[in-house]
1. What do you get for chymotrypsin sites (Phe, Trp or Tyr not before Pro) in segment 19-114 restricted to DSSP loop and a cutoff of at most 13 other Cβ within 10 Å of the site's Cβ?
2. I need the calculated FRET efficiency for the pair Ala40 and Ala68, taking r as the beta carbon distance and R₀ as 22 Å, to the nearest 0.05.
3. Considering only C-alpha atoms, what is the centroid distance from segment 1-15 to segment 120-141, in Å?
4. Shape of segment 1-93 from its Cα gyration tensor (a ≥ b ≥ c, root eigenvalues): rounded if a/c is under 1.5, otherwise prolate when a/b > b/c, or oblate?
5. Determine which residues of segment 68-84 fall in the zone a paramagnetic label at Ile135 would reach in this model, i.e. backbone nitrogen under 16 Å from the point 7 Å along Cα→Cβ.
6. Under a crude label model (7 Å from the Cα following the beta-carbon direction), how far is Thr102 from Ala61 in nanometres?
7. Per residue, how many Å² of accessible area does segment 6-136 show with a 1.4 Å probe?
8. 5 Å is the cut-off here: which amide hydrogens, built 1.01 Å from N in the peptide plane, fall below it relative to Ile135, excluding neighbours closer than 5 in sequence?
Amino acid sequence: MAQPSPRLTVVTLGVADMRRSIAFYDALGLQRKVPSTGEAVAFFQAGAAIVALFPWDKLAADATLADAPRPQAFRGSTLAWNCDSREEVDAALAHAVRAGATLLKPAHETFYGGYSGYFTDPDGHPWEVVQAPGITLAPDGRAVFAG
């Protein structure tokens, strides 16, 4: 049997209010798939990956983890929205804020020659919006290393 090939295909976010989070990701512009699941679980196409929303307490129980206390500080991970230009980064951050995001850090030059800023979704999940040298976007939305 061949060795399994690991790949990141779905990021599931625990959320406090499914209706509010579904509305946010709709407004952000991600396309909802399988809407027949209602507010039990929500799936959004995000380029080559899927963002899933699931109630915080139910996701913790499914993973056999405690659901409290809920962290208010940095949780050890961020999501990234790669862009092709600095102008696209600025436009994406402004769009996210209009959709209901909270701006954490305005776009700025990075130490590695890129350009990035951060926002959080309604549950505090941080997103980096970034133009990174050496990473381009394929026509299907996948981030790929140049060269």
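The values are calculated or read from the model by the stated rules, or taken from the named source; none is laboratory data. Values in this document were obtained by computation on a predicted structure and should not be read as measured data. Ideal geometry is used to build each Cβ from the backbone, glycine not excepted, and the neighbour counts take in all protein chains shown. What goes into the accessible areas is simple: the full protein's heavy atoms, side chains included, and nothing from ligands, DNA or RNA. Shrake-Rupley method; radii C 1.70, N 1.55, O 1.52, S 1.80 Å.
1. Phe74, Phe111, Tyr112
2. Given R0 = 22 Å and the Cβ-Cβ separation, E is 0.55.
3. Cα centroid of segment 1-15 versus Cα centroid of segment 120-141: 18 Å apart.
4. Cα axes put segment 1-93 in the rounded bin.
5. 77-84
6. 2.7 nm
7. That works out to 56 Å² for each residue.
8. When sequence neighbours closer than 5 places are left aside, the close amide H contacts are Ala146.
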